[in-house]
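Data first, discussion second: the structure below is written as structure tokens.
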Amino acid sequence: MDIIRLLQLIVSSSLIFAAPLILTALGGTFSERSGVVNIGLEGIMVMGAFMSAIFNIQFVGTFGNMTPWVGMLAGGLIGLLFSIIHAVATINLRADHIVSGTVINLAAPALAVFLTRALFGAAQTGPLPRSFGRSNIFLLHRIPVIGPIFFRNTSGPAFFGILMAILSWFILYKTRFGLRLRSVGEHPHAAETLGIKVYTMKYAGVLISGFLGGMGGAIQSQAIHNEFGILTVAGQGFIAIAAMIFGKWNPLGAMGAAIFFGFAQSLARVGNSIPIIQNIPSVWLQVLPYLLTILVLVGFIGRAEAPAAIGKTYIKSK
């Protein structure tokens, strides 16, 4: 295998695995920038994966080749609905953010598998009629050298995630909404004195995180597994949280970290084609993303500067 084809294989596979991580990490960034810890992203991804798979099966005759993209929006909507539970619990009821997120992570897989068994008589849906598959990026794949590596036979959702990361950075750092969201996560009482509706901004951050996390789960089921089952989302939500922390709660940093973790995940699938690591037992390559997640959390969480009011209960002044 020549070097161009090898690089194309590595890059395209890495981007495919990175796509759900990028969107989910962006979702976590919006939530935690508003001061609300959302470790429930794993459960939200599960529900997004479940809903998109059901949508894909039921509406493929209506939407045809666009079914995975519309299914991604359906996954985002169910993720948004589930995030309302977390928002109400943490913002209005002042529940502990970690406990609320853990409840979502425990409830979502059980509910999704129960509904899957009720609908299909098994713990998985079976192959989906339409998946994202791979495609060439219009005209860009014709660029010499770079085109075949980055833009040929690659993942459309991955480039969608990259565009969303750039848009998220612009929203957070170049708009009034982003400034208000970040101020709420840094010092909510000071933001309140300036007339900012703190509860509204916190709700906005959590709901955006649910929508993006749900879309991430939808990509996981429609681009990587091509079905929904109990193992469709197996730790990717927590890996996305690690990417968010590694990226220092910055959308572009989170995107870069997500691509790095996507590369680590892809090695389990393409490692046999890479000369340097082809003799490494596959089990080690499968475990690698989770080991890297632990190392990142241990090595960087103390150095990364989180929003000052993250996880703290806010009580509106009288």
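Every number in this text was worked out from the coordinates using simple rules, so none of it is lab data. Here the structure is a predicted model, which means the values were calculated and not measured. Reconstructed Cβ throughout: ideal geometry from the backbone, glycine too, with neighbour counts over all protein chains shown.
Tabulated values for the structure
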| quantity | calculated |
| --- | --- |
| Degrees between helix 41-63 axis and first principal axis of the chain (Cα, 0 to 90, nearest 10) | 60 degrees |
| Spin-label proximity, TRP69 to region 134-161 - amide N less than 18 Å from point 7 Å beyond Cα toward beta carbon | 134-141, 152-161 |
| Rounded if a/c under 1.5, otherwise prolate or oblate - the chain, Cα gyration tensor axes | prolate |
| Cα gyration tensor shape for region 107-215, rounded if a/c is under 1.5, else prolate or oblate | oblate |
| Where labels lie 7 Å past Cα in the beta-carbon direction, separation of ALA107 and VAL298 in nm | 3.4 nm |
| Angle in degrees between helix 97-120 and the longest Cα principal axis of the chain, rounded to the nearest 10 | 50 degrees |
| FRET efficiency, GLN286 to LEU194 (Cβ-Cβ, R0 35 Å, nearest 0.05) | 0.10 |
| Close Lys-Lys pairs in the chain, where close means Cα under 19 Å and separation is 8 or more or interchain | 9 |
| Charge context of GLY185, other residues only, Cβ under 9 angstrom, K/R +1, D/E -1 | +1 |
| Proxy reagent accessibility, fewest Cβ within 10 Å first, across ILE54, ILE98, ILE239 | ILE98, ILE54, ILE239 |
| HIS97, HIS187, HIS225 arranged by Cβ crowding within 10 Å, fewest neighbours leading | HIS187, HIS225, HIS97 |
| Tilt relative to the chain, helix 198-219 - C-alpha long axis, 0 to 90 degrees, to 10 | 10 degrees |
| Mean separation of Cα contacts under 8 Å, 6 or more apart, over the residue count of the chain: relative contact order % | 37 percent |
